Each structure stands twice: as structure tokens, then as C-alpha cells.
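The values are calculated or read from the model by the stated rules, or taken from the named source; none is laboratory data. On a predicted model such as this, the values are computed, not experimentally measured, just so you know. Every residue, glycine as well, gets a Cβ built from its backbone with ideal geometry; the counts of neighbours run over all protein chains shown.
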Amino acid sequence: MNKVKINKYLRELIPFHGNHFLTGNGYFGVRGTLEEYTKEHMPCINMAGIYDRVGDKWRESVNAPNPLYTYIVSGGKKYSLPDVECESHMQELDIYRGIHMRKTTWRTEQGIVTVTCERFASMANQHAIGMKYSVCTNYDGEVEIVTGIDGDVWDINGPHFTKLLISENDKILSVTGITGEMGISVTAQEKVCTDFDAEISTEKNNKSVFRRIRIKTQKDKIYTIKKTAVISSSVDDNPVIEDIKSADYDKMKNDSINAWEKIWEISKVEIDGDDEAEFALNYSIYHLNCIAPRNLKSKSIAARGLSGQVYKGAVFWDTEMFMIDYYMHTEPEVAKTLLKYRIDTINGARAKADEYGLQGAYYAWESQEGGIEGCSEYNTVDVFTKRPMRTYFRDKQYHVSAAIVYAFMKYINATGDYGILAEGGAETIIECARMYRSLLLKKADGNLYEVHDVVGPDEYHERVNNNAYTNRMIKFCFEKAVEYTEYIKNKYSSYYDKLNEKYDLDKLIPLFKTSAEEILIKQPDENGIIEQFDGYFGLEDASVPEVRARLIDPKEYWGGAYGVAADTQVIKQADVVAMLSMFKDDYSKDIMQKNLEYYEPRTEHGSSLSACMYSLLSCYTGDADAAYPLFMKSASADMAPGGKEWIGLIYIGGTHPASEGGAWIAAVKGFAGLDIIEGKPICRPCLPSHWQGMRFNIIVQGKLYCVNISKDKVDIKIQ
Ligand code: BGC
């Protein structure tokens with residue numbers, strides 16, 4: 001299997017298919033929508049790391065003018081989906097070559113007209129898009145192809161372009177949108193080559209420009225246009241290398257396919273005995289490859305990848321906890337870029353800490369360029385009153401800073417690149433530890449430091465005390481701050497001296513040491529269960545179906561002050577289970593097993609980040625068959641419709657890169673049992689009973705290894 005495919009047009013799945021058939025190259029993502037779609041059907045070319053705010057609406061990422069916009073006219077009538085019903089429709093995505101394809105037929109008054117289109121976001125040149133659009137009639141007649149650039153783009157909280165510059169110069173069409181907040185320009189240019197004689201005219205309106213290509217068709221003859229397009233912006237990291245005038249579709253396509261082949265040589269995972277799982281996992285990897293910020297400076301990945309403006313195009317803890325593992329073992333430079341983004345945006349995190357009266361760096365819950373906090377205090381809308389609901393994700397999800405420190409640790413272990421500490425990594429970690437130090441509380445007669453008023457990964461319980469996950473991650477942060485500071489003291493002494501002068505490390509480090517030793521870490525109770533936060537066991541022990549049955553409106557938010565889950569033990573996503581998987585060596589299999597059994601039935605899995613953690617922990621207990629369905633859930637997050645698309649009245653659809661990265665983690669760290677010991681990979685596999693084996697490549701400390709696992713053997717070879 002190498003393709004996802006549909007053979008029928010379903011109007012109700014327009015939003016889902018936009019995600020399902022996405023193409024992209026890290027600089028932008030192209031939703032898998034059809035060429036004729038206008039903004040109601042959510043087509044978009046979503047730009048990485050460019051944001052804009054309109055009035056007091058949410059600040060969000062920007063969509064470029066759309067140079068793929070194309071439709072046909074026959075007998076004066078526009079034939080386009082979903083407005084005109086088609087006779088047949090096929091759409092597919094070749095995940096190994098990064099090519100999107102569609103074929104649609106309509107019955108016109110004269111006969112059948114067939115449209116075929118293939119397109120790709122170039123993986124070889126991040127600014128380029130190619131499209132080959134063909135039309136064929138089963139009669140002698142006339143057809144028009146209307147093709148150009150649509151500047152009237154889909155926005156959630158737009159319009160972001162307050163000014164649009166439209167031009168036609170030497171057959172090259174161009175639309176530049178200029179954002180209102182910062183005056184950033186985003187330009188789409190395109191050129192079309194035809195293999196037939198046609199009458200061509202150009203038309204403009206105040207947002208768009210397009211050509212009408214009038215074709216006198218001969219029965220069954222195929223008329224093809226090849227479009228090459230370039231997207232650029234005024235804040236690009238790299239110049240546009242493709243000259244639009246000389247761009248050649250076929251060369252562009254070959255270069256892109258070759259670039260994809262190189263990526264797959266390292267990143268493909270093979271599974272013997274389960275084609276469905278193999279494809280779902282590689283489909284997840286495809287998406288991770290489409291959004292990797294390759295050759296970009298200081299960019300990270302948004303929670304919905306490049307599939308649109310949902311979650312404001314912002315970067316969450318998702319990147320560090322769920323995605324970076326894949327990149328650090330397949331393209332370590334990408335992983336480094338992700339961490340550089342955090343290093344380079346530390347001033348945003350400092351400003352946020354300051355806003356809350358804390359020291360150090362408190363990273364944004366929804367981070368935009370420069371570390372700007374994109375998360376609103378009112379993050380959803382009450383379905384009953386239609387009023388914005390106060391949530392505390394922005395204020396209280398302190399665990400985000402520790403996730404970044406955890407990612408530094410994973411990256412350093414995987415790559416051996418301690419140098420990143422001297423490139424700002426150590427200061428980032430020290431600043432995170434300073435933030436946590438300013439959160440610690442001790443009761444008058446208490447011995448241990450407590451952390452109050454937090455939101456853990458389970459967002460349904462807000463403002464709790466001593467969340468097990470958060471406290472453990474804070475302890476980890478202190479420990480790493482101590483360890484890495486000692487490291488730079490020995491290895492990068494002049495950098496250490498600079499930091500010492502700034503932070504008085506000789507005094508600060510001992511404080512971090514005692515903070516790590518004296519922070520309250522929740523222990524298993526007499527039944528082996530770790531309480532998620534103070535008072536959790538006292539909440540109503542209702543089941544997930546019971547709590548779901550209490551919803552009056554299906555879009556109602558489960559958390560917040562009076563959500564249906566808030567006063568029960570039902571949780572949104574892995575919390576204690578996430579902690580156990582992060583710190584697997586601290587706990588026995590028995591404790592892991594007991595907590596899985598306790599928390600799994602109480603987990604709604606209302607976040608796509610949840611299933612992979614349960615899957616991973618099940619593997620650590622040796623129960624691969626229990627892990628398997630949760631792994632499949634994670635790997636299939638964008639394979640089939642039906643994912644959660646609403647919180648309150650806010651649309652949250654899009655691709656799910658954390659779930660995709662989590663599927664890779666569950667497969668490679670869970671089923672294959674990968675660990676890095678003294679800089680080398682070792683595997684202790686725990687395969688599902690119907691799998692015969694697994695093969696994959698990983699890069700560890702600069703060396704490429706091929707891992708070949710069968711039922712009774714593990715073979716790890718340097719390539
Ligand atoms: C989850 C968060 C996650 C965010 C973005 C929310 O639904 O609860 O943990 O970071 O989605 O994926």
C-alpha cells in the first residue's frame with residue numbers, strides 16, 4: 001500500500017479530506033482540498049511561523065494567496081464541487097512521493113467532461129508548488145479552464161491581508177497580501193504552460209487574478225496545463241531559488257520525488273505481518289515529514305501542523321513531548337531547529353514569567369513567533385450562553401517549560417550534541433528551573449515543597465494542587481539544571497563564567513539541588529495507585545459513558561468550572577500514565593500495570609495525545625497486545641473521519657502531529673523497545689502477537705543503524 005484513496009465524493013467530509021490529503025514541505029502546508037474550492041471549503045496554503053492579529057480576535061497563522069485555484073466552465077456553466085454534482089470522483093495521495101491526485105467527471109449538456117489533476121508541494125525547493133491539470137471531453141466542443149491566484153483566502157480570525165497587490169507581468173500572475181498587524185507580505189506567483197493552442201485572456205478583481213483558457217476540444221483528446229508556482233514572504237529564512245520564469249514542471253516534480261525518496265530511505269518503518277499497521281504508521285510519518293522545518297531557522301511545529309489556523313498555528317508542548325523523538329532519530333538537524341526555536345524565543349517566555357510574577361522562563365502554552373503567548377484566557381465558548389469561558393490553560397499549565405527541558409535531555413542522549421547547551425540550551429534550562437523555583441511553596445509545618453494551583457496534562461481538572469505529573473517534571477527540571485550546569489562548567493568554562501556572572505550559579509545550583517530533593521513526589525498508595533492530584537480520589541468515581549451521558553449538547557466542554565467531568569475522576573488524557581512512561585526506570589512493572597488498569601477506564605482520550613502514552617506504558621509492562629489498539633488509534637488519527645472537531649463552539653479540526661509522533665514513539669520505543677545506553681541503541685522488543693517482525697533505521701549519535709527485529713532475534717547494524 002502506498003496511497004490513501006477515496007472513490008466517492010462526500011460533501012460532509014470536505015474539512016476532513018483537507019487534512020487527510022494534505023501535502024506540505026515544512027515551509028507551507030497545502031490542504032488536500034480541490035482546486036475549485038473557495039474559502040467556504042477551507043482550501044489553504046498555511047505558512048509556517050507567520051502570524052497576524054485582526055482587532056481583538058485571536059492571533060493566528062497566515063494563509064498565502066492560493067495559486068492552485070482552478071475550475072472549468074462548459075456551455076457558460078461552472079462545473080465545480082461541491083456545487084455541481086459529479087458523475088464520479090476519485091482522490092488519492094501517494095505518501096511516498098508526496099503527490100496529490102484527483103479525477104472527477106461531470107455530465108454537461110454536451111456530454112461527459114473529465115478533469116484530472118496532480119499536484120505537489122516541492123520537497124526539493126520549499127517555495128515551489130507544481131500542478132498538472134488536464135481536461136478531456138467525450139465530445140467535440142468547447143471548455144474553458146479558469147486558473148489563477150485566489151487572494152480571497154480562508155481565515156478563521158481574519159481577514160489578515162489588509163492590502164492586496166495584484167499583477168500580471170510577462171505571463172506571470174502574482175498576488176501579494178500584506179498583513180495588517182506587522183505589514184508582512186506573502187506572495188504567490190504562478191506561470192502556466194499549455195500543450196495546445198488556446199485563446200487566453202486575463203481577468204482581475206480586487207483580490208484575485210486568473211486566466212481564461214478557451215479550448216476547442218476534440219472528442220477524447222486530453223488538454224493539459226502545467227502550472228509552476230512560487231510562494232515567498234518578506235520574512236523568509238531562505239531566498240527563493242526557483243526562478244518562476246524558467247521553472248519546469250517535470251523537473252520540479254522529479255526533484256521533489258527524489259527528495260522524498262531520500263527522506264523515506266531513513267524514515268520508513270516496515271512491519272511484518274500487519275500491512276494495516278505498517279501503512280498507518282508510515283502515513284503518520286508522512287505527515288511528520290510534510291511539516292518538518294527543514295533548513296529553516298528557529299521554527300517549530302504547530303499543534304495542527306500546517307493544516308490550517310486551528311489552535312492559532314501555535315506551538316504547544318506537543319512538539320517536545322510527542323514529535324521531537326521522531327526527528328532526533330531520523331533528521332537530527334530538524335530536532336535541533338525545534339530546540340533552537342525555544343532557545344531563540346526565551347525572551348517571550350521571560351516576559352510571560354514576569355507577567356505572572358515569576359522568575360525565569362515560563363514558555364507560552366500556545367507559542368507564536370518570538371515566543372508570544374497566543375493562548376487566550378477565554379479558550380472556548382459556552383454552548384448554552386454563547387459566552388467565552390474562562391479556562392486556565394494559559395495561566396496554569398506550568399508543565400510546558402519542563403517539557404522543553406525533557407526534550408533537551410532526549411536530544412542530547414540521542415545525538416550526543418552537548419554543544420547545544422553552550423548555544424543557549426543551558427541558559428534555557430536554568431531559566432526554566434528558576435521559574436519553577438519561584439512556584440515552590442512550603443506549608444508552615446511542612447517538610448516538602450508543594451506546587452499549588454496548576455493544570456496538569458488532564459485539562460478537565462483545573463487549578464489543582466500537587467499534580468503528580470507536574471511535580472515530577474519540575475523535579476526533573478531541577479536535576480537537569482544541576483547536571484548540565486556542572487557539564488558546561490567543565491566543558492565550556494567561558495560560557496559557564498558568563499552564566500555564573502548573570503545568575504550567580506554558585507549560589508543558585510545548590511538551591512536547585514535542594515529543590516529537587518525536597519519537592520513532593522506522589523507515591524503509590526496501598527493499592528499501588530498514584531493519585532493524580534490532591535483530592536482526586538475523593539471525586540465522584542463515575543465512568544466515562546456515565547459522564548458522557550450527562551452532556552446536554554454534544555459540543556459542550558467537559559472541563560472548566562462546571563463541565564461534566566470537572567467533579568469526577570474522568571480525565572481527558574494521559575496524566576499519571578504519561579509520567580510513568582517518562583520515568584519508566586523509577587517504577588516497577590506492577591505499579592505501571594496497576595495505574596494503567598486504574599486510569600485507562602477513567603480516561604476519555606479526549607485529546608489525540610492520550611492513546612500513545614497508554615500504548616507505550618502497556619509495552620513497558622510487557623503487554624503488547626493491550627498496547628496495540630491504542631497504538632492504532634494514535635497512528636490512525638488522520639486516517640479516518642470522526643476525530644474530535646469541537647471544544648465548546650470552537651473548531652479544533654486539523655491534522656494531529658503529536659498523535660503521529662506518539663505513534664512512532666509507541667512503535668519504536670514501545671514495540672521495538674529502543675533505548676539509548678551509553679550512546680548506543682539497544683532494543684528489548686515486545687511485539688504484538690500477530691507481528692512477525694519490524695525493520696527501521698535510526699540515527700544515534702551521528703551513526704545510522706538498521707534495526708531488524710524478528711520474533712526471536714534482534715539485529716542492529718551500523719550502515
Ligand atoms: C490537549 C493539549 C494539547 C493541545 C494541542 C489539547 O486538546 O489537551 O494537551 O497540547 O490539545 O494539541
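A compact table of results
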| read-out | value |
| --- | --- |
| Breaking point among (1) in contact with a helix residue (DSSP H, G or I) (Cβ under 7 Å, 6 or more places away or on another chain); (2) surrounded by fewer than 22 Cβ atoms within 10 Å (Cβ to Cβ), for I591 | (1) |
| Every residue from region 651-664 that is of a type in the set (A, V, I, L, M, F, W, C) and more than 11 Å from the ligand (Cβ to nearest atom) | A663, W664 |
| Any hit, region 384-392, residues being within 16 Å of the ligand (Cβ to nearest atom), among the β-branched types (V, I, T) and outside any loop (DSSP other than H, G, I, E, B) | no |
| Per-region count, region 303-335, residues aromatic (F, W, Y), on the phi < 0 side of the Ramachandran plot and within 12 Å of the ligand (Cβ to nearest atom) | 3 |
| The one condition in (1) within 35 Å of the chain's Cα centre (by Cα); (2) more than 18 Å from H127 (Cα to Cα); (3) of a type outside the set (K, R) that F196 fails to fulfil | (1) |
| Breaking point among (1) over 14 Å from G653 (Cβ atoms); (2) surrounded by fewer than 20 Cβ atoms within 10 Å (Cβ to Cβ), for L13 | (1) |
| Complete set of residues in region 652-673 that are under 23 Å from the mean Cα position of the chain (by Cα), surrounded by fewer than 24 Cβ atoms within 10 Å (Cβ to Cβ) and outside any helix (DSSP H, G or I) | I652, G653 |
| Qualifying residue in region 689-706 (condition: without any contact (Cβ under 8 Å) to a residue 24 or more places away in the chain and assigned to a loop (DSSP other than H, G, I, E, B)) | no |
| Residue under evaluation M435, criteria (1) within 16 Å of the ligand (Cβ to nearest atom); (2) touching a helix residue (DSSP H, G or I) at 6+ places or on another chain (Cβ under 9 Å), criterion not met | (1) |
| Count of residues meeting criterion [within 16 Å of the ligand (Cβ to nearest atom), in contact with a helix residue (DSSP H, G or I) (Cβ under 9 Å, 6 or more places away or on another chain), assigned to a loop (DSSP other than H, G, I, E, B) and of a type in the set (A, V, I, L, M)] in region 615-650 | 1 |
| Checklist (1) out of contact with any helix residue (DSSP H, G or I) (no Cβ under 8 Å at 6 or more places or on another chain); (2) at pLDDT below 95 applied to Y286, failing item | (2) |
| Filter result (under 30 Å from A364 (Cα atoms), outside any loop (DSSP other than H, G, I, E, B) and not hydrophobic (A, V, I, L, M, F, W, C)) within region 50-107 | Y51, D52, E60, S61, N63 |
| Filter result for the condition that a residue is of a type in the set (F, W, Y) and within 19 Å of W558 (Cβ to Cβ), over F408, F384 | F384 |
| Region 487-502, subset among the aromatic types (F, W, Y) and buried (at least 18 other Cβ atoms within 10 Å of the Cβ), residue farthest from A433 (Cα to Cα) | Y492 |
| Helices (runs of 4 or more DSSP H) within region 456-556 that include 3 or more residues away from the ligand (no atom under 16 Å from the Cβ) and aromatic (F, W, Y) | 468-491, 493-503 |
| Of all residues in region 363-401 being crowded, with 19+ Cβ neighbours inside 10 Å and of a type in the set (F, W, Y), the one that is nearest to E431 (Cα to Cα) | Y363 |
| Strands (runs of 3 or more DSSP E) fully within region 165-230 counting 2 or more residues that are of a type in the set (V, I, T), touching a Phe, Trp or Tyr at 6+ places or on another chain (Cβ under 9 Å) and over 23 Å from T116 (Cα atoms) | 172-179 |
| Counted residues, region 224-272 - those being in contact with a helix residue (DSSP H, G or I) (Cβ under 9 Å, 6 or more places away or on another chain) and either surrounded by fewer than 18 Cβ atoms within 10 Å (Cβ to Cβ) or at pLDDT 95 or above (or both) | 14 |
| Cβ-Cβ under 6 Å pairs, at least 6 apart or on other chains, region 444-466 side farther than 19 Å from V564 by Cα, far side within 15 Å of the ligand (Cβ to nearest atom) and of a type in the set (K, R) | V454/K396 |
| Condition check for A361: touching a Lys or Arg at 6+ places or on another chain (Cβ under 9 Å), within 12 Å of the ligand (Cβ to nearest atom) and not in a helix (DSSP H, G or I) | no |
| Members of region 313-343 found to be closer than 21 Å to E60 by Cβ and part of a helix (DSSP H, G or I), listed by number | G313, D318, T319, M323, L338, Y341, R342 |
| Qualifying residues in region 557-569 (those that are of a type in the set (A, V, I, L, M) and away from the ligand (no atom under 14 Å from the Cβ)) - the one surrounded by the fewest Cβ atoms within 10 Å (Cβ to Cβ) | A561 |
| Matching residues in region 108-127 - criterion: being more than 26 Å from D638 (Cβ to Cβ) and in a loop (DSSP other than H, G, I, E, B) | T108, E109, Q110, G111 |
| Top-ranked residue in region 594-614 [being of a type in the set (A, V, I, L, M, F, W, C) and either more than 16 Å from the ligand (Cβ to nearest atom) or part of a loop (DSSP other than H, G, I, E, B) (or both); ranked as surrounded by the most Cβ atoms within 10 Å (Cβ to Cβ)] | L609 |
